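The values are calculated or read from the model by the stated rules, or taken from the named source; none is laboratory data. Everything quoted here is computed from the prediction, not taken from an experiment. When we count neighbours, we look across all protein chains shown, and the Cβ atoms used for this are built from the backbone with ideal geometry, even at glycine.
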Amino acid sequence: MPELPEVEVVRAGLEPAVTGALVASVDVLDERALTRHAGTAAHFEAELTGRRIDAAVRRGKFLWMPLGSDDAIVTHLGMSGQMLLRLPGAPAERHERVRIELEHPEHGPLSVVFADQRTFGSLALDELVDTPDAAAGGRGSVLPRVPTQVAHIARDPLDPAFDDARFRARLGRTSSGIKRVLLDQTVASGIGNIYADESLWAARIHPETAASDLPTRSVNRLLAEVRAVLEKALAEGGTSFDAQYVNVNGQAGYFAHSLNAYGRTGQPCARCGRPIVRVSFMNRSSHFCPRCQRVR
């Protein structure tokens with residue numbers, strides 16, 4: 001599933017194309033793309049047509065495009081969702097589910113295509129609510145509002161309003177393994193399996209170490225490494241293992257070449273040379289160095 005860097009790459013690509021654009025028309029080709037929308041496909045099309053998009057915003061793995069201060073188009077990419085920018089009249093994309101035609105005051109007509117092979121992603125029209133801390137809802141907007149579908153998601157570690165002290169306190173209250181906590185989107189959003197493994201490797205912390213056993217200095221180091229890993233992945237366009245994780249122009253990221261732990265089973269650790277191991281974890285896998293990342 002796309003994590004923060006992959007979704008941020010999409011948001012940044014959408015931002016100049018959709019900000020200030022008028023929705024000229026909407027064509028829902030597959031209603032499965034509206035599983036999180038409260039109404040019908042006809043309702044979705046009618047409610048969006050004629051509206052103006054204010055921005056492209058992200059929190060964690062969620063994207064939304066505010067339509068004023070009351071509601072927004074919310075996008076979740078799921079396992080294989082893509083938001084693609086195309087010229088008007090461009091041929092249909094493979095697995096195309098929804099096409100939104102825009103009229104931009106500077107760039108002219110443009111199409112936003114939502115394509116999704118596995119149909120786990122979705123678009124929805126959702127109400128905006130105030131953020132509890134009165135800070136901006138997410139990256140890409142100063143509006144202190146967030147869609148109801150995203151309101152339960154914590155801020156991500158790259159968000160200026162992320163509360164380090166609150167994060168440390170939350171870890172101190174839980175005996176769950178630190179990787180499980182990192183994947184909890186109500187604690188810190190945007191971190192998935194790939195970047196949890198990479199951050200824990202960088203911080204020299206075993207994924208099964210109880211969060212409450214980590215001293216403050218270790219938590220601070222982990223937060224610093226999480227941010228460093230996410231920033232590096234952003235600079236490299238995210239991690240693409242197949243053609244599904246792409247930016248708005250259909251281009252893949254190349255952070256996969258910079259991975260130190262994830263997917264490197266049996267390969268030598270970049271620090272000590274001992275083989276990276278893989279163990280089962282929550283129906284997925286954890287990758288770590290048994291020498292550099294010892295269980296406390």
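The set of residues in segment 113-126 being closer than 16 Å to residue 37 by Cβ and buried (at least 17 other Cβ atoms within 10 Å of the Cβ) consists of 114, 116, 121, 122, 123, 124, 125, 126.
Of note, residue 101 does not satisfy the criterion of being within 23 Å of the chain's Cα centre (by Cα), of a type in the set (Asp, Glu) and more than 20 Å from residue 127 (Cα to Cα).
Beta carbons closer than 6 Å, at least 6 apart along the sequence or on distinct chains, pair a first residue in segment 65-82 that is more than 12 Å from residue 127 (Cα to Cα) with a second that is hydroxyl-bearing (Ser, Thr, Tyr) for 76/122. When only residues in segment 70-79 that are in contact with a strand residue (DSSP E or B) (Cβ under 6 Å, 6 or more places away or on another chain) and not charged (D, E, K, R) count, which is farthest from residue 128 (Cα to Cα)? For segment 70-79, the residue satisfying everything is 76. Consider segment 257-296 and keep the residues that are among the small types (Gly, Ala, Ser) and in a strand (DSSP E or B). The one that is farthest from the chain's Cα centre (by Cα) is 280.
The set of residues in segment 221-262 that are modelled with pLDDT under 55, out of contact with any helix residue (DSSP H, G or I) (no Cβ under 8 Å at 6 or more places or on another chain) and surrounded by 15 or more Cβ atoms within 10 Å (Cβ to Cβ) comprises 244, 246, 252.
Any residue at all in segment 121-129 that's touching a helix residue (DSSP H, G or I) at 6+ places or on another chain (Cβ under 8 Å) and over 21 Å from residue 30 (Cβ atoms)? Checking segment 121-129: not a single residue is touching a helix residue (DSSP H, G or I) at 6+ places or on another chain (Cβ under 8 Å) and over 21 Å from residue 30 (Cβ atoms). Scanning segment 16-35 for residues that are over 19 Å from the mean Cα position of the chain (by Cα) and assigned to a loop (DSSP other than H, G, I, E, B) returns 19, 20, 21, 29, 30. Note on segment 117-232: enclosed helices (runs of 4 or more DSSP H) holding 1 or more residues that are of a type in the set (Gly, Ala, Ser) and within 14 Å of the chain's Cα centre (by Cα) are 193-203. Evaluation of residue 89 against the conditions (1) more than 22 Å from residue 16 (Cβ to Cβ); (2) in a loop (DSSP other than H, G, I, E, B) shows that the sole unmet condition is (1). The residues listed here are 98, 28, 23; of these, the one that is at pLDDT 90 or above and either closer than 22 Å to residue 145 by Cβ or of a type in the set (S, T, N, Q) (or both) is 23. Right, residue 264: assigned by TED's automatic domain parsing to the domain that holds residue 182 and over 18 Å from residue 183 (Cα atoms) or not? The answer is yes for residue 264.
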